[in-house]
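The values are calculated or read from the model by the stated rules, or taken from the named source; none is laboratory data. Quick caveat, the model's predicted, so the values are computed rather than measured. With ideal geometry, Cβ positions are generated from the backbone for all residues, glycine too; neighbour counts draw on all protein chains shown.
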Amino acid sequence: MFSHPAVATVVSASEVNTSYVEGTAWNALSNTNNALAFVVSSANQYVSNALSYSTRYYIEGFSKIAPEIRFQTPVGNFYTTFQAVKTVGNVTRKLGRITGWVGIGMTGYELLTRQKELYGEGGLDLIMGVVGFCGPYGWLISGAYFGGKMILEVTDNKFW
């Protein structure tokens with residue numbers, strides 16, 4: 001009935017804990033997501049400042065919203081419509097939130113699968129992910145953290 005002998009295998013703890021989360025594809029996806037979040041947050045801040053500056057001198061009821069918004073560039077001024085800038089602002093705000101939540105979700109998955117520790121890199125990643133939602137200074141701090149971490153990983157250096 002049981003003619004086949006049982007075979008026992010020994011698997012080290014590191015082999016059990018290794019998955020695609022530590023792979024280059026996961027790191028590339030995580031780094032790309034964080035870079036996109038930083039760029040989108042920067043764009044949103046720039047667009048929001050342009051909207052605020054362009055509409056600052058218009059009084060509701062006495063004049064309409066500025067028909068054009070001016071962006072200063074190194075090669076000269078660039079003019080576009082208020083609605084186009086408002087649309088870009090809405091898209092960048094939503095995309096920034098999505099990429100931020102994806103990053104926090106990825107870190108949460110790494111914590112649940114014990115790829116990272118809460119009292120270590122995983123906890124710091126979570127904190128910096130949340131800091132990224134805290135206005136222009138928050139995304140600047142978070143972007144610097146994840147950008148530096150990405151540089152370390154790309155150059156095959158361990159962050160933690």
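Here is how the numbers come out for the structure above:
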read-out	value
Answer residue from the range 90-123, given it is within 9 Å of the chain's Cα centre (by Cα) and small (Gly, Ala, Ser) and is farthest from residue 140 (Cα to Cα) among those	103
Candidate set from the range 125-149 (those that are of a type in the set (A, V, I, L, M) and surrounded by fewer than 20 Cβ atoms within 10 Å (Cβ to Cβ)); member that is nearest to residue 111 (Cα to Cα)	126
Residue match in the range 85-100 (condition: modelled with pLDDT of 70 or more, under 30 Å from residue 132 (Cα atoms), in contact with a Phe, Trp or Tyr (Cβ under 8 Å, 6 or more places away or on another chain) and charged (D, E, K, R))	yes
Residue within the range 62-84 that is in contact (Cβ under 8 Å) with a residue 24 or more places away in the chain, touching a strand residue (DSSP E or B) at 6+ places or on another chain (Cβ under 9 Å) and in a helix (DSSP H, G or I) present	yes
Matching residues, the range 97-123, being in contact (Cβ under 8 Å) with a residue 24 or more places away in the chain and under 17 Å from residue 35 (Cα atoms)	97, 99, 100, 102, 103, 104, 106
Candidate set from the range 78-96 (those that are buried (at least 17 other Cβ atoms within 10 Å of the Cβ) and of a type in the set (A, V, I, L, M)); member that is nearest to residue 35 (Cα to Cα)	95
